[in-house]
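Step one of this worksheet: look at the structure below.
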Amino acid sequence: MNDIIKKIEEEQLKENAPEFRVGDTVKVYGKIKEGNRERVQVFEGTVLKKQGGGSRATFTVRKNSNGVGVEKTWPLHSPNVEKVEVVRRGKVRRAKLFYLRDRVGKKAKVKELVK
């Protein structure tokens, strides 16, 4: 039974899964269906967390929109996520950045990783 489930999940995976980490600022190009039309909407923000594995892997992106924090969780291998583009790399020392929820203004920024 497990072999059948694994085989089905492997078929669902994207071949070119995007490479990004927690703390990176990303642009997520998500498909939105309105009635019978379909369009692509960009959601740009900081990656707060990545979780799960295989076809169930998800990531949460947070942005500030008109002074209000907005978080959206995206499935990594979903056909509704057209592409994920890394805008800048972030320098962080932890896997989950929930402390950014309490911060406002410049304190809510993540330092850029300089190589």
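Remarks
- Among GLU44, GLU34, the ranking by other beta carbons within 10 Å of each residue's beta carbon, starting with the fewest, stands as GLU34, GLU44.
- Crossing angle, helix 2-12 versus the chain [Cα axis fit, 0-90 degrees, rounded to tens]: 60 degrees
- Ranking LEU48, PHE20, ILE8 by how far each Cα lies toward the positive end of the dipole of the chain (charges on Cβ) leaves LEU48 at the top.
- Scaled against 2.2 N^0.38 Å for its residue count N, the alpha carbon radius of gyration of the chain is 1.18.
- Pairs over the 23 Å Cα-Cα cut-off, from the set LYS72/LYS115; LYS27/LYS96; LYS31/LYS96; LYS49/LYS111: LYS72/LYS115; LYS31/LYS96.
- Charges were assigned to the Cβ only: +1 to each Lys and Arg, -1 to each Asp and Glu. The resulting dipole of the stretch 6-102 about its Cα centre is roughly 400 debye.
Any read-out appearing in this document is the output of simple, stated calculations on the displayed coordinates, not a laboratory observation. Since this is a predicted model, take the numbers as computed values, not measurements. Neighbour counts run over all protein chains shown; Cβ positions are idealised from the backbone, glycine included.
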